[in-house]
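As structure tokens, the structure follows; a few thoughts come after it.
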Amino acid sequence: MKAISTALFALTLTISSATAQEMFKASDSSDENLSALMMTCYVCHNPRVKSHDDIIAPPLVAVKYRYKSQYSEKEAFVDAITSFIMNPTAETALMRGPVRRFGPMPQMPMDEGMVKKIVAYIYDNEIEEPEWFSEHFKEQHGEDWQGQ
Ligand code: HEC
């Protein structure tokens with residue numbers, strides 16, 4: 001839990017900085033949405049963490065896979081994840097394993113419009129996968145990872 005609190009604290013500082021505020025307002029391009037994703041979500045959902053033992057939150061590629069299996073349409077996917085992020089609870093979370101391991105995702109001081117753009121970016125684009133992900137997926141699901 002300590003690593004998550006530290007990450008959340010760093011994130012709060014980042015989001016409240018003037019540069020980030022400007023960027024979030026302006027972000028309508030794919031590059032800007034990717035920067036916002038990297039600055040906010042990757043603080044905890046970092047795809048470069050070397051092993052599954054070292055993560056402090058599930059990789060976003062796993063989150064995307066889980067939500068897409070339930071919400072295949074973009075609008076439903078974006079709405080479901082956005083409403084979770086604006087009010088995360090263990091009861092509404094879909095990912096039982098990560099909730100057990102890390103507790104529910106902490107609530108973040110984020111603008112809903114910004115969150116929607118980030119989540120739409122995740123849906124539309126191939127996001128970075130940890131190098132151990134396909135092996136981990138196979139262990140968990142007993143089948144090969146087919147990609148995003
Ligand atoms: C302070 C750390 C932290 C930050 C920052 C963070 N997350 Fe999370 N997130 C977590 C943890 C821990 C979990 C696993 C527990 C859970 O599933 O609720 C999680 C789980 C999730 C889930 C799955 C929820 C479910 O149904 O179980 C989604 C979706 C998600 N994060 C999206 C995001 C997005 C998008 C961002 C960036 C806008 C983000 N998170 C930023 C820590 C964080």
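Pro47: touching a residue at least 24 places away in the same chain (Cβ under 8 Å), surrounded by fewer than 20 Cβ atoms within 10 Å (Cβ to Cβ) and not in a loop (DSSP other than H, G, I, E, B), yes or no?
Taking the combined requirement at face value, the residue does not satisfy it.
Based on what the data block shows, is Ser72 over 14 Å from the mean Cα position of the chain (by Cα), under 25 Å from His52 (Cβ atoms) and modelled with pLDDT of 95 or more?
No: the conditions fail for Ser72.
Within segment 118-148, count every residue that is closer than 20 Å to Ile56 by Cβ and among the aromatic types (Phe, Trp, Tyr).
Qualifying residue count, segment 118-148: 3.
So Ile127 fits all but one of (1) touching a helix residue (DSSP H, G or I) at 6+ places or on another chain (Cβ under 7 Å); (2) within 15 Å of Thr40 (Cα to Cα); (3) free of Cβ contacts under 8 Å to residues at least 12 places away in the same chain; what number is the exception?
So the condition that Ile127 fails would be (3).
Please count how many residues of segment 56-94 are in contact with a Lys or Arg (Cβ under 9 Å, 6 or more places away or on another chain) and more than 9 Å from the ligand (Cβ to nearest atom).
Matching residues across segment 56-94 total 3.
Scan segment 82-96 and give yes if some residue there is touching a Leu at 6+ places or on another chain (Cβ under 7 Å), without any contact (Cβ under 8 Å) to a residue 24 or more places away in the chain and surrounded by 19 or more Cβ atoms within 10 Å (Cβ to Cβ), otherwise no.
no
Going by the conditions given, is Val115 more than 23 Å from Gln146 (Cα to Cα), surrounded by 19 or more Cβ atoms within 10 Å (Cβ to Cβ), within 13 Å of the chain's Cα centre (by Cα) and touching a residue at least 24 places away in the same chain (Cβ under 8 Å)?
Criteria met by Val115.
The values are calculated or read from the model by the stated rules, or taken from the named source; none is laboratory data. Because the structure is a prediction, the values reported are computed rather than measured. Because the Cβ atoms are built from the backbone with ideal geometry, glycine has one as well, and the counts that use them run over all protein chains shown.
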